[in-house]
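Below: one structure, written as structure tokens.
The values are calculated or read from the model by the stated rules, or taken from the named source; none is laboratory data. What you see is a predicted model; the values in this text were computed from it and never measured. In this analysis, Cβ positions are derived from the backbone assuming ideal geometry, glycine residues included, and neighbour counts consider all displayed protein chains. Keep in mind that these areas ignore ligands, DNA and RNA; they rest on the heavy atoms of the full protein, side chains included. Shrake-Rupley method; radii C 1.70, N 1.55, O 1.52, S 1.80 Å.
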Amino acid sequence: QVQLVESGGGSVQAGGSLRLSCAASGTIYAINTMGWYRQAPGKQRELVAVISNTNFPTYAGSVKGRFTISRDNAKPAVYLEMNSLKPEDTGAYYCNLRQSRSDYWGQGTQVTVSS
């Protein structure tokens, strides 16, 4: 079993920055992908950024150049540095870990960007 605990959400004005953290615990294999998804009210959950255990990142086009994903395999944990935030970045952000064809999710942390 895997547990994911997010922190770092909050409210910020457009143009501001936030840093999300996600700590993982439980049975975690060496080969996995960790990342962040978000869900705005009335919309489907969408990928924000993911990073492989070899530190290869993938970003959604809407956040490329503004967000940076990183991970610490020793802890293990994954982070999302969000800069130049826009109102359309508002939503619940969920940490994800994918290993052995299984997906694990955190409880979510709210990010609200006001104009």
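Structure summary
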item: Where chymotrypsin sites (Phe, Trp or Tyr not before Pro) fall in DSSP loop in the range 19-71, at most 11 other Cβ within 10 Å; result: TYR29
item: Mean accessible surface per residue for the chain, computed with a 1.4 Å probe while every protein chain stays in place, in Å²; result: 53 Å²
item: Heavy-atom accessible area order for ASP72, ASP89, ASP103, largest first, 1.4 Å probe; result: ASP103, ASP72, ASP89
item: Between the range 1-40 and the range 57-104, the alpha-carbon center distance in angstrom; result: 6 Å
item: Accessible-area value, ILE31, 1.4 Å probe, nucleic acids and ligands omitted, Å²; result: 130 Å²
item: With every protein chain in place, the range 1-90: carbon and sulfur % of accessible area (1.4 Å); result: 51 percent
item: Distance (nanometres) between label positions extended 7 Å along Cα→Cβ at GLN3 and SER100; result: 1.9 nm
item: Length gained when the stretch SER84-ALA40 is fully extended (0.36 nm per residue, less Cα-Cα span); result: 14.0 nm
item: Spacing of the two label points (7 Å from each Cα toward its C-beta) at LEU47 and LYS64, in nm; result: 1.2 nm
